[in-house]
Every structure is written in structure tokens, then in C-alpha cells.
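The values are calculated or read from the model by the stated rules, or taken from the named source; none is laboratory data. All values reported here derive from a predicted model rather than from experimental measurement. A quick note on method: Cβ atoms are made from the backbone with ideal geometry, for glycine too, and the neighbour counts reach across all protein chains shown.
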Amino acid sequence: MIITYKGIKINYNTFGKGNSIILLHGFLENATMWEETIKQLSTSYHCITIDLLGHGNTECLGYIHTMEDMARAIKVIIDHLNIPKAIFIGHSMGGYVALAYLDLFPDHISGIALLNSTALPDSPERKKNRNRAIEIVKKNPNAYTSMAIANLFAQKNRNRFLDQIAAIKNHASNTPLQGIIAALEGMKSRKDRTTILSSFNGSKIIFAGKQDPVLSYEQSAKESKHYEIDLISFDGGHMSYLENKDEYITELYTFLNSIS
């Protein structure tokens, strides 16, 4: 389904009935990443998947897509669907967007799950890496996306998930250059939202991979302990929804049932 926002088209889909869940994909992904999750959840919940700005079938809004820009675009869809309150599940960049939504519209979230994501901002080193990525992607976007996707999986899992990696690379190759750079710029400039998350009175949880090559597991563990947020650990990398599919679904259901 398509909705128009500030002159651009935003793609979203809805599945099932029940309490509403908003599923937000990560950088270089799109709403199709949730297909297996939807098969499980849509029997009990009203699931909404959204292509974030500059990804999938959603158009670019500008040359920087801040997490707030993405959150406000999501609000338009939620208002259109007359959803007063929802549970947010965000993978990686999708988690940053969910936190921006919580910051902007705190009364409209009943629970939040950060899947391989964090409320912390980019470190100075991470910002430098984003800048390097922007320069690389300008010269050779396909080479960049190919490298970036493979590096999301734990080293030990890369041969086992060759088909999935190829499929994600294929989707990523269709992400426009403007969308890639705008997202990198937006992630680089995102706010520290640890206080927002820790003060949130609704249900919250962090899912983390012990061998995540992108987001340090030690950082996730410290974040969980310091801000008193439950942490679910998986033996895998940044793509827990694939690398640890069965355990992820089980733990996600446990979290959702604790809210319902």
C-alpha cells in the first residue's frame, strides 16, 4: 500500500488482527526482511511493515534522512490506520527510528524491542567510519552494499547463510545512492536516547548477538545493565532474525505476550 507524505510515496503493508505491532527494518534492508516474522506474528497481532525513507519502495525525502524524519513519516501511516498505540520492533537502524518515535510521540508506544540496535549515539570512531562509507558508496555503491551486507553476519555463519546474504545483497543493490547516503548521514547525527529509553515506563527489551561484528555485544550488555533493560543474547551476529530464527521468534513472542 502507498501513502503520500510531503510529496513522496511511502510503502507499507498490514497483516493480521489484534494489538498493533510496527516493524522497522535496518539500513540497506526493506520491509520484506520481516516475512518470516510476519508468518508467525500475524496469527495473533496486527502487523504493519514499512519501507523507511529511501529504502524499498519508499522514495527519498531529502539528502539527509534523520531518524526524526523517518519517525514522522511513520506517524502519518499510523494516524491513517487509526492506531492509538503500538508495539515497536526495530532492527538496527529501525531501532534508532523506533527510539526517535518514542522521543517524539511517547504516548503512542506501549512497548519497544531493539533488535541488534542501541539507544546510544555513534561514537567518534563510528562517525568517521560513516564518513568513509559515504565516500566509498559515492564511487562504487554496489561494491559497498555487497561488502556491508556480508559483514553483518557472524564470521562463522557466512557460509551457512550464503543464499540469504545473496538475497539481501540483491535487495540492497536496488537502494538508490541518495537513500544510502541520506541514511548514513541520519544515523551519524542521531541523538543519545538512553535517557528516553530508560525512563520509558512501557515494556522494553534488547536482543543482541554475541558475535555481532557491527554492534559490540559488550556495549549492549553494559547498556542493558546500566539502564535496567532486559537483554536477550543470541549466539550469532547482527542478523539475529536469520542467524537465530527459532530462538528469536520464541523470545519475541514471550516479550509480546508480557505486554498483551
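Couple of notes before you dig in:
- Test for A154: is it more than 29 Å from I196 (Cβ to Cβ), free of Cβ contacts under 8 Å to residues at least 12 places away in the same chain and not acidic (D, E): no
- Any chance N116 is more than 23 Å from S189 (Cα to Cα) and either in contact with a Ser or Thr (Cβ under 6 Å, 6 or more places away or on another chain) or not acidic (D, E) (or both): no
- Residue within the stretch 24-37 that is within 26 Å of N170 (Cα to Cα), at pLDDT below 95 and in a loop (DSSP other than H, G, I, E, B) present: no
- Among the residues listed as S240, S220, S233, the single one being touching a Ser or Thr at 6+ places or on another chain (Cβ under 7 Å) and polar (S, T, N, Q): S220
- Test: I83 is of a type in the set (V, I, T), modelled with pLDDT of 95 or more and within 18 Å of the chain's Cα centre (by Cα): no
- I181 vs. criteria buried (at least 20 other Cβ atoms within 10 Å of the Cβ) and without any contact (Cβ under 8 Å) to a residue 60 or more places away in the chain: no
- From T175, T145, T194, residue being among the polar types (S, T, N, Q) and touching a Phe, Trp or Tyr at 6+ places or on another chain (Cβ under 8 Å): T194
- When the residues of the stretch 49-106 are filtered to those that are in a helix (DSSP H, G or I) and among the aromatic types (F, W, Y), the one that is surrounded by the fewest Cβ atoms within 10 Å (Cβ to Cβ) is Y101.
- Residue tally, condition touching a residue at least 40 places away in the same chain (Cβ under 8 Å), out of contact with any Pro (no Cβ under 9 Å at 6 or more places or on another chain) and surrounded by 13 or more Cβ atoms within 10 Å (Cβ to Cβ), over the stretch 132-151: 6
Matching residues to (1) among the acidic types (D, E); (2) in contact (Cβ under 8 Å) with a residue 12 or more places away in the chain; (3) assigned to a helix (DSSP H, G or I):
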| position | (1), (2), (3) |
| --- | --- |
| N170 | no, no, yes |
| P213 | no, yes, no |
| E228 | yes, yes, no |
| T250 | no, no, yes |
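- Residues satisfying the stated conditions in the stretch 124-163, i.e. in contact with a helix residue (DSSP H, G or I) (Cβ under 9 Å, 6 or more places away or on another chain), assigned to a loop (DSSP other than H, G, I, E, B) and within 24 Å of I89 (Cα to Cα): L152, F153, A154, F161
- Only one entry in A98, A86 is over 28 Å from I165 (Cα atoms), out of contact with any helix residue (DSSP H, G or I) (no Cβ under 6 Å at 6 or more places or on another chain) and hydrophobic (A, V, I, L, M, F, W, C), namely A86.
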